[in-house]
Amino acid sequence: MAAPELAAVPVLILKEGASRSRGREAQHANIMAAQIVAETLKSALGPKGMDKMLVDSFGDVTITSDGRTILDEMDIQHPAAKMMVEVAKTQDTEVGDGTTTAVIIAGELLAKAEDLIDKNVHPTIIIDGYRKAADKALETLEKIAIPVKPKEKAFLKKVAMTAMASKLVAENREPLVEIASSAILSVAQEVEGHYRVDLDDIMIEKKPGDSLTDTRIIKGIVLNKEVVHPGMPKHVENAKIALLSYALEVKKTEFDAKINIESPEQMEAFLHQEESMLKTMVNKIAEKGANVLVCQKGIDDMAQHFLGRKGILAVKQAKESDMEKLAKATGAKVVDNLEDMTKGDLGHAGLVEERKIGDDKMTFIEECKNPRSVAILIRGGTERVVDEAERSIHDALCVARDVIQEPKIVAGGGAPEMEVARALKQYAETLPGREQLAVRCFAEAMEAVPLTLGENAGLDPIDILSELRACHKKGETWAGVGVHEGKVRNMTELEVYEPLAVKKQIIKSATEAASMILKVDDVIAAGKMRAPPAPPKGLPETEYEGEE
């Protein structure tokens, strides 16, 4: 007798609700998601690019053309699209500019790769081709880069002008660029023959009100604090500044203690003792010659009164980061014990003054001799303008820092990308097999930058591209898209310059992101967690009692 046939039992490997897509389907979905992100940013590229208005879940509005900000504010869910956000973040963290370009090139690399996958070229071959092309592209950029002197302010201003050209504040960029380049030169430190710049040494304070042209650099620090006591001076010239990292008050005991006071005289003596301890502390500060005190913690009311009597301007509850910047700006040392304080621990500033800025009172510590930390106070008509001005100044500071740290520049306007594309097409001919196709695709992806610049300026992209190719073939290295003139121009004549570091990072970030997305051929997504069912509404509790 034949054995009864076993019923087919389904084998469940993934949790219920999980989804999986494989092979071409997964690759297509990932490439499509990444391309959509790149398409979103395309119209924001260049001086003629458009701005995006982003509204978050609370209804707060951000208006910007900054690639990193746009991607941060968009609530992106797709995992491959999130990788494009990572590209922008890496670009912004490393060099501070070129975020939009990096995402656009990554999107183009994926679009070209999809065409090759459809022609049955294996993704691994494409990735190898892209890696070789990226190395050749970096080599080409190094070859054409223009060396400059690290602290040459003229070139720092030119790269900052280019970085700001595509921003909302482009009309007022000249004074802002002057501020950014001065700030960077103030905090640049020479270490073993190389310059280093820490952007944390530049404090940026924003206050809506006045206009963008009232933005200024302060050779010192601005504290968003007011003077603690009305009896204190609000204006101190030739200031000697003490920085304290602990509270100026009588310390409470760690354990519980009881004091029996039996007469008014004892009460008076007790209060007098506390008063004299505070007075001694203030006298110690005054004896060292300090006429300004910045305290990281609190200051007792009685101590405030004594400080006022001594003519010392005091500020309390300053942030630790502000204390560090103050130490760098004024040359003071942060003291954690009054007993150890010496005259050498005091810092110096030409002027310390409380001023009303907008609705708030702020304390300005300025005219420091050679400050290693400076502040930029940004003003603007509305909060949106001030926020966008801060993002623009951040980009300008970053590109100026890049040039000081790696003193090489290239022209902008898509010229270096066209030159790289030309070199890659020549290089592709020397390669065997299918890698040649991948290198050609990389070259075409690089051409997306001048193409998009032309499109955003309302020019015919095909005309511009063919003209650029012809110019670069003739050896015109710096031929790029003159968006304001509406034709191909020599970008060095227009003084459009960008740091070499930015261009190199764009190629590295875009290649790595495209390679990572291309390598994925299986997407396994866990099922979304379900919320527990809510109890039925309106039923009296008694109905549940005694149920089995």
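The values are calculated or read from the model by the stated rules, or taken from the named source; none is laboratory data. What you see is a predicted model; the values in this text were computed from it and never measured. All Cβ positions, glycine included, derive from the backbone under ideal geometry; neighbour counts span all protein chains shown.
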Worksheet item: Across segment 109-158, which residue is farthest from residue 439 (Cα to Cα) among those that are in contact with a helix residue (DSSP H, G or I) (Cβ under 7 Å, 6 or more places away or on another chain) and of a type in the set (Val, Ile, Thr)?
Response: 148
Worksheet item: So which of 43, 57 ends up being polar (S, T, N, Q), surrounded by fewer than 17 Cβ atoms within 10 Å (Cβ to Cβ) and within 23 Å of the chain's Cα centre (by Cα)?
Response: 57
Worksheet item: Looking at 171, 205, 226, 142, which is the one that is free of Cβ contacts under 8 Å to residues at least 12 places away in the same chain and out of contact with any Gly (no Cβ under 6 Å at 6 or more places or on another chain)?
Response: 171
Item to complete: Please find, within segment 289-326, the residue that is nearest to residue 238 (Cα to Cα) out of those that are buried (at least 19 other Cβ atoms within 10 Å of the Cβ) and of a type in the set (Gly, Ala, Ser).
Response: 290
Worksheet, complete the sentence: Picked from segment 68-120 (must be in contact with a strand residue (DSSP E or B) (Cβ under 8 Å, 6 or more places away or on another chain) and acidic (Asp, Glu)), the residue farthest from residue 52 (Cα to Cα) is 97
Discussion item. I'd like to check something: does segment 103-121 contain any residue that is among the polar types (S, T, N, Q), farther than 24 Å from residue 68 by Cα and touching a residue at least 40 places away in the same chain (Cβ under 8 Å)?
Written reply: no
Item to complete: Identify the single condition in (1) over 20 Å from residue 155 (Cβ atoms); (2) modelled with pLDDT of 90 or more; (3) part of a strand (DSSP E or B) that residue 498 does not satisfy, given that it satisfies every other one.
Response: (1)
Discussion item. Testing residue 118 on (1) under 18 Å from the mean Cα position of the chain (by Cα); (2) surrounded by fewer than 18 Cβ atoms within 10 Å (Cβ to Cβ), one condition comes back false. Which one is that?
Written reply: (1)
Discussion item. Yes or no: segment 185-192 includes at least one residue that is assigned to a loop (DSSP other than H, G, I, E, B) and touching a Leu at 6+ places or on another chain (Cβ under 8 Å).
Written reply: no
Worksheet item: Of these, 142, 174, which one is modelled with pLDDT of 90 or more and either part of a helix (DSSP H, G or I) or aliphatic (A, V, I, L, M) (or both)?
Response: 142
Discussion item. Suppose we keep only residues that are more than 30 Å from residue 226 (Cβ to Cβ) and of a type in the set (A, V, I, L, M) within segment 250-307. Which one would you say is nearest to the chain's Cα centre (by Cα)?
Written reply: 257
Worksheet item: Which of (1) part of a strand (DSSP E or B); (2) modelled with pLDDT under 80 does residue 268 not meet, given it meets every other one?
Response: (1)
Fill in: Condition met for residue 93 (under 23 Å from residue 401 (Cβ atoms), free of Cβ contacts under 8 Å to residues at least 60 places away in the same chain and out of contact with any Asp or Glu (no Cβ under 8 Å at 6 or more places or on another chain))
yes
Response to the item:
In segment 340-366, anything free of Cβ contacts under 8 Å to residues at least 40 places away in the same chain and not in a strand (DSSP E or B) is listed as 340, 344, 359
Discussion item. If a residue must be closer than 22 Å to residue 55 by Cα and touching an Asp or Glu at 6+ places or on another chain (Cβ under 6 Å), how many such residues does segment 375-399 contain?
Written reply: 1
Discussion item. Can you go through 225, 240, 251 and tell me which one is outside any strand (DSSP E or B), outside the structural domain of residue 378 (by TED's automatic domain parsing), buried (at least 16 other Cβ atoms within 10 Å of the Cβ) and not small (Gly, Ala, Ser)?
Written reply: 225
Worksheet item: When you go through (1) at pLDDT below 90; (2) aliphatic (A, V, I, L, M); (3) farther than 24 Å from residue 90 by Cα; (4) under 25 Å from the mean Cα position of the chain (by Cα) one by one for residue 389, which number turns out not to apply?
Response: (3)
